[in-house]
Ligand code: FE
Ligand code: FE
């Protein structure tokens, strides 16, 4: 019998993003410490606080589903964060350090935007109005973070990455 309906897929994807958010929460302080621009440091610190809220909202969505909040290993975010760590090491003390950190951080945000964008639509079609609201709030914050990172890159980071210091 074909039994894997959208509610199963929704729950599996929720576990994926829950794992990802908790891993991102641990990575952001490292990225903040690694950044050389105070503006970029502040952006990472602010997003760390928002990410704590993302984890809490996901816990609320699990509750709405009547399921325990549990993550499931997400190889995609593991790979993206691994690349970020590599960037930190390979470009430490180099003019392109912040540009490489922004690139890594935007890959993370885009992953989250993809996941939340999908989850919002699935929650809508499943009639889970409260879940839609929670997931949309996070989706909006991920989008704003992505835009802020672009602004920081355009403002000074990319230009100062052009030349050896
Ligand atoms: Fe997030
Ligand atoms: Fe994020």
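Each reported figure results from applying straightforward, stated rules to the coordinates on display, with no laboratory input. Not measured: the values here are computed from a predicted model. Quick reminder, even Gly has a Cβ in these numbers, built from the backbone with ideal geometry, and neighbours come from all protein chains shown.
Looking only at region 27-66, residues that are part of a helix (DSSP H, G or I), more than 10 Å from ligand 1 (Cβ to nearest atom) and more than 24 Å from residue 151 (Cα to Cα) come to 8 in all. Residues of region 85-125 that are within 16 Å of ligand 2 (Cβ to nearest atom) and under 20 Å from residue 160 (Cβ atoms): 101, 102, 103, 104, 105, 106. Residue 65 passes every criterion in (1) over 18 Å from the mean Cα position of the chain (by Cα); (2) more than 30 Å from residue 9 (Cβ to Cβ) apart from (2). Residues in region 131-165 that are touching a helix residue (DSSP H, G or I) at 6+ places or on another chain (Cβ under 6 Å), away from ligand 2 (no atom under 12 Å from the Cβ) and assigned to a helix (DSSP H, G or I): 131, 132, 134, 135, 136, 152, 153, 157, 158. Residues that are closer than 15 Å to residue 25 by Cα and touching a helix residue (DSSP H, G or I) at 6+ places or on another chain (Cβ under 8 Å) were ranked within region 80-105; the one that is farthest from ligand 1 (Cβ to nearest atom) is 85.
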